[in-house]
Amino acid sequence: MSTWDVSEGFPSTGPAPTVEVVADPADVRSPLFTAHEYEQRLQCVREKMALQGLSALIVTDPANLFYLTGYDAWSFYVPQMLFVPAEGDILLFLREMDAQGAFRTSWLPPHQIIGYPERYVQRPHLHPFDWVAFALRRRGQVAPAAHGCVGLEMDAHFFSPKGYRSLGNAIPEWLLVDCFELVNWVRSVKSEAEIYYMRLASRVTTASMQAAIDAIEPGEPQYRVAARIAAAQAEGEGEGEAWGDFPAIVPMMPTGASADTPHLTWSDRILKPSDAVVIELSGVHRRYHVPLARTVTMGPPSDHMLRLEEAVADGLQAILDTTAPDVPIRELASAWNWKLAAYGLEKPSRLGYSVGIGYPPDWGERTISIRSEDETVLAENMTFHLICGMWMTGYGYEVSETIRVTSTGVETFTSFPRQIIRK
């Protein structure tokens, strides 16, 4: 029997009311990582908090909530937060109905899972953080955090201006500052256990890309190709441990002339025998993503496409040859840019970014970008999505790889040929 906080108001004295839950072991997920690994993650976050002068941190990014607590549910469309003080228990605040999800998916003990009342959900004159602020005050968390700055994830997708205003108004003692993606940066170096989950995700990626290639035929509508991909993303290898989770981004498939523009999804467009189709997708396992992009042609590739194929293959190999621990990110960009320049080409957009855990709307970690001005130095078990996409005028070509920095070089998670896939 377990309980967690589900207070329906702001009682001034006494313990908050609780709801009792009978724990059926079949419906409570085992933690993905050891208690020691979760402790290490929290310790690393607190060390970075100290370096930034933070007395507390408020985490709202669902990927960061998952990283620190294991909590995993489609509840991020309403406000939720993890309160991380400089010392003591961390506290997870969720919509009341979602507290049970935290009990069933996170490692947190019930007394650290707190549900806010339903009457605060999507109300024009109220915000859940009004309630959360008072709950923190009741628990004696406001005064200790007032001795320094309180960090916020200012650029997180699900932290709204209204939430920020609610916290500022309800806790005027706090100096609220940007934490500059503190937890995201901790996530940039993966543990061996995380690499294991990414390798499982890569097997889902392989099945999904093969499903896309098999489905691309003249006369087929794009939505049918998308359906085949979605089925493979869920099914994975069909049996065993490499099953699929939902992706943070839907499959993208710029086609024909529109392949000169990235990030286009599908429609009812009928594929033509002369079309080239850019497929970008990701396999996912336990929230870990391994994105992959390839270009499929149903007719003979044009001379323009063949030139891009050669240039991109040379450039991508140069990146892989340069990748190793202690190498600055800018050197990867430089290796790519010099190869492309030899073909009279350039790519204005970044070459890739750090990946791992992902929730909609993005599978990127919003930290390291592979470009000339990035001063980050590579470390073992950093993982990146390298996007060698060339978007020209009226056509485009894309090949990508998800890679891991190893102790001596690089590992690619998948093994599709790095060339035009001819049907």
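Give the label of the value calculated from the structure for P(r) over Cα pairs in 20 Å bins from 0, in percent, choosing from (i) 27, 57, 16, 0; (ii) 25, 51, 23, 2; (iii) 25, 54, 20, 1. Given (i) 27, 57, 16, 0; (ii) 25, 51, 23, 2; (iii) 25, 54, 20, 1, the calculated one carries the label (ii). Once you reduce the range 127-164 and the range 361-423 to the center of their Cα atoms, the two points are 36 Å from each other.
Per residue, the average separation of C-alpha pairs within less than 8 Å and at least 6 apart gives the range 21-147 a relative contact order of 22 percent. Once you sort the root eigenvalues of the Cα gyration tensor of the range 264-320 as a ≥ b ≥ c, which label holds: rounded (a/c under 1.5), prolate (a/b larger than b/c) or oblate (the other case)? It comes out oblate by the Cα gyration axes. Taking each residue as 0.36 nm, the span from ARG104 to ARG350 lengthens on full extension beyond its C-alpha to C-alpha distance by 84.7 nm.
Extending 7 Å from the Cα toward the beta-carbon at both SER415 and ASP268 defines two label points whose distance is 4.2 nm. Accessible surface computed residue by residue for the chain, with neighbouring protein chains in place and a 1.4 Å probe, gives 42 Å² per residue.
Seen against the Cα atoms of the chain and their longest principal axis, helix 35-51 is set at about 80 degrees. Each label was represented as a point 7 Å from its Cα along the Cα-to-Cβ direction; for GLU380 and GLU220 these points are 4.2 nm apart.
The relative contact order of the range 218-349 comes to 19 percent, based on Cα pairs under 8 Å that sit 6 or more residues apart. Helices in the chain, meaning DSSP H runs of at least 4 residues, each add -39500 (n - 2.57). Divided by all residues, the mean residue ellipticity at 222 nm is -10000 deg cm²/dmol. For the chain, what relative contact order do you get, as a whole percent, if you take Cα pairs closer than 8 Å and at least 6 residues apart? Computed over the chain, the figure is 13 percent.
In the chain, the DSSP beta bridges split such that about 75 percent are antiparallel, to the nearest 5. For the range 318-359 and the range 208-232, what is the separation of their C-alpha centers, rounded to whole Å? Using only Cα atoms, the two centres lie 30 Å from each other. Listed by chain and number, the lysines whose alpha-carbon sits under 29 Å from that of LYS272, ignoring those within fewer than 8 places in the same chain, are LYS347, LYS423.
For LYS190, a cut-off of 19 angstrom between C-alpha atoms picks up these lysines, skipping any fewer than 8 places away in its own chain: LYS48.
The values are calculated or read from the model by the stated rules, or taken from the named source; none is laboratory data. A quick note: this is a predicted structure, and the numbers were derived from the prediction, not measured. Here Cβ is always computed from backbone atoms with ideal geometry, including for glycine, and neighbour counts include all displayed protein chains. Ligands, DNA and RNA are stripped out before the accessible areas are found, and what is left, the full protein with its side chains, is counted by its heavy atoms. Shrake-Rupley method; radii C 1.70, N 1.55, O 1.52, S 1.80 Å.
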